[in-house]
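Before any comments, here is the structure.
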């Protein structure tokens, strides 16, 4: 951040005690005569004259240093050009190689991106008791949501809580967390009348996704195929097949579930389909289908 220049030490008036009207400040790279700009605004858009002249009372207008430049050399001269004082190593950025401490009850540091879209601008880092929190806020700062919470007990770190759904390391997905029900209702197909299936619980943890069927979903079979459609986006890799339980002709048997992006097709035994085209078919209550998105197939 640009810093406002102030004279590094007290300067007397003239040798006779008068004001140093019209004196000048020359700004260059420290130890050299290579000029370095100073600016009238903190945004560093308007450079000042170099040397910079004082007014009739010896006062200078505000001058901002450029933090991207090396340290400055600043020379103070009289209006007649006599050198009064030279300072080297005036830091262009006062935060460089220095420690920064916020000391308060619940100290916080807020970042606001001026080029971000609405309600995507404000981030906050703050201490809260035994926690360090990273939060996001809306533009009015009336809604604050914790993204990361780092807990400690003394000098022992306890845990890291992440409230987002997806965690990546090096661009690779390493963890996800989502709980909820299917957008549904899902539809059990392959029956005389399509059966509405509600209450399917979806949980994603890491690369594993589980579907829990708390109640039996069944209908009267009229084909050798069976599926669940209208499942919504499950973030599955299409084509993965896992073992599961199915109902065929009123009997619970071992079957397969082939996962699509928004649907599942079932089979009896190790093959797809093969249901009896009469009697009762479906999915028994208590069935859990687990699928790993990193693997083509898993039991």
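The values are calculated or read from the model by the stated rules, or taken from the named source; none is laboratory data. Worth saying up front: this structure is predicted, and the values here are computed from it rather than measured. With ideal geometry, Cβ positions are generated from the backbone for all residues, glycine too; neighbour counts draw on all protein chains shown.
What the table shows:
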{"read-out": "Residue ID - surrounded by the fewest Cβ atoms within 10 Å (Cβ to Cβ), chosen from residues in segment 103-119 that are more than 17 Å from residue 148 (Cβ to Cβ) and touching a residue at least 12 places away in the same chain (Cβ under 8 Å)", "value": "118"}
{"read-out": "Filter result for residue 25 (surrounded by fewer than 16 Cβ atoms within 10 Å (Cβ to Cβ), closer than 20 Å to residue 79 by Cβ and at pLDDT 70 or above)", "value": "no"}
{"read-out": "Matching entry among 105, 38 (being over 30 Å from residue 127 (Cα atoms), at pLDDT 85 or above and within 41 Å of the chain's Cα centre (by Cα))", "value": "38"}
{"read-out": "Filtered residues of segment 48-64 (kept if within 45 Å of the chain's Cα centre (by Cα) and either at pLDDT 90 or above or farther than 18 Å from residue 83 by Cα (or both))", "value": "48, 49, 50, 52, 61, 62, 63, 64"}
{"read-out": "Positions within segment 49-94 being farther than 22 Å from residue 31 by Cβ, assigned to a loop (DSSP other than H, G, I, E, B) and either touching a strand residue (DSSP E or B) at 6+ places or on another chain (Cβ under 8 Å) or touching a residue at least 12 places away in the same chain (Cβ under 8 Å) (or both), in sequence order", "value": "54, 55, 56, 57, 58, 60, 61, 62, 78, 79"}
